[in-house]
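Inspection log for the structure reproduced underneath, given as structure tokens.
None of the figures in this text is laboratory data; all of them are computed from the coordinates on show. Predicted, not measured: the structure shown is a model, and the values here were computed from it. No Cβ is skipped: glycine too gets one built from the backbone with ideal geometry, and neighbour counts run over all protein chains shown.
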Amino acid sequence: MRMRRGAVAVAVLAGLSVGASAQAPIRTADITLRGLAASDFPRTTKLADNVYAYEQIDPTKRTVTVNNLIVVTPEGVLIAESQGTAGNVTRLVADVAKLTPQPIKYVVVGSEHGDHTGGIAAFPAGIVYLAHPFSAPRIKQPTEPVTDKRIVMLGGTEIDVLFLGRAHTGGDLEVYLPREKVLFMSEVFSNRIFPSMANGYPTEWLTTLRKAEQMDVAWFVPAHGFVDSAAVMREEEHQYRLAIERIVAEGARLHAAGTPVENAPAAARLEPYDGWTRAGNNASAALKRVYMELDGKLKSDP
Ligand SMILES: [Zn+2]
């Protein structure tokens, strides 16, 4: 293993110590590095009474999970996020039916991107889809708009559908359960995946993450990457913000130095985040987006 600056810090964060067996799972988004296989998914994790995280492998993503939040009530089910393929949605619907006979009443579109919406037509009829107006044109279903906050009262459970600000897509919605203190963050947060910022709003994304951190949250649930323990998810949400802070800072430093955008990936100091899953795919687009924001090329309104 090539040692980079920051590698020791990564090992400590990963719960690893040299020569000792690791009790804690390796901090990664890659199922193979975690010692898992596609056949270990889908996976349902109970977060609170009647509240579950659901992790599934998207055939187009392969090594990382695409996640949902499932909220079960005596008057129906709300699901945060769809999945990228009809097959994955069909499996999700079947797995929800193992949890409850209640029908799915709501699906919240947190991210308009294809790996979260591609399979949406495979849901049964009669579902209300909630989406930010920015995302609505990409959804192949009629949607009801959420521009700021919509409170869904379902079977005695309060479910807050929130727009905390632009982040990964521009129409990012979160789902918050105030009683259970669960916050599903959609693609505003991915666990240990190098930030995918090609369509994002870098500095606004940081503001959005800080807003989420100020909420009363026990569980931060990401749209990609593993759903680990509540304590680990809190740490990783923080790490994710620090990663974006670094990308924004390095992009600004190189932009100010007159470094051409195509040279920015090689010149940026992104350790330890350059060891995160998909760093090789995502770093150049992230830095390019920071340059675009600095050059005033990102529209100010959704
Ligand atoms: Zn995604």
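Its residues counted as N, the range 35-294 yields a C-alpha radius of gyration over 2.2 N^0.38 Å of 0.98. DSSP finds beta bridges in the range 162-272, and of those with both partners inside it, around 50 percent are antiparallel.
Modelled spin-label separation between Asp49 and Ala37, with each label point placed 7 Å from Cα along the Cα-to-Cβ direction: 3.9 nm. In the structure displayed, which of Lys46/Lys211; Lys140/Lys181; Lys46/Lys140; Lys211/Lys288; Lys46/Lys98 lie more than 22 Å apart, Cα to Cα? From Lys46/Lys211; Lys140/Lys181; Lys46/Lys140; Lys211/Lys288; Lys46/Lys98, over 22 Å: Lys46/Lys211; Lys140/Lys181; Lys46/Lys140; Lys211/Lys288. Projecting the Cα atoms of Gln239, Tyr106, Phe194 onto the charge dipole of the range 35-294 (Cβ charges, centred on the Cα centre) puts Phe194 farthest toward the positive pole.
For Ala125 and Ala94, what does the FRET efficiency come to when R0 = 25 Å and r is the distance between their Cβ atoms, rounded to the nearest 0.05? Could the numbers behind the result be given before it?
Working: r = 16 Å, r/R0 = 0.65.
The computed FRET efficiency comes out at 0.95.
On alpha carbon coordinates alone, what is the Rg over Rh value for the range 202-302, Rh being the Kirkwood radius? Rg/Rh: 1.00.
Using a simple spin-label model with pseudo-atoms 7 Å out from Cα toward Cβ, Asp216 and Ala285 lie 3.8 nm apart.
Suppose R0 equals 45 Å; then what is the FRET efficiency for Ala257 and Glu75 from their Cβ-Cβ distance, rounded to the nearest 0.05? Working from the Cβ atoms, E equals 0.20. The antiparallel fraction among DSSP beta bridges confined to the range 35-294 stands at about 65%.
Using alpha-carbon positions, what is the distance between the centroids of the range 229-251 and the range 118-133, in Å? After rounding, the separation between the Cα centres reads 30 Å.
The relative contact order of the chain, computed from alpha carbon pairs under 8 Å that lie at least 6 residues apart in sequence, is 15 percent. In the chain, helices alone account for a calculated mean residue ellipticity at 222 nm of -8500 deg cm²/dmol, with every DSSP H run of four or more residues adding -39,500 (n - 2.57).
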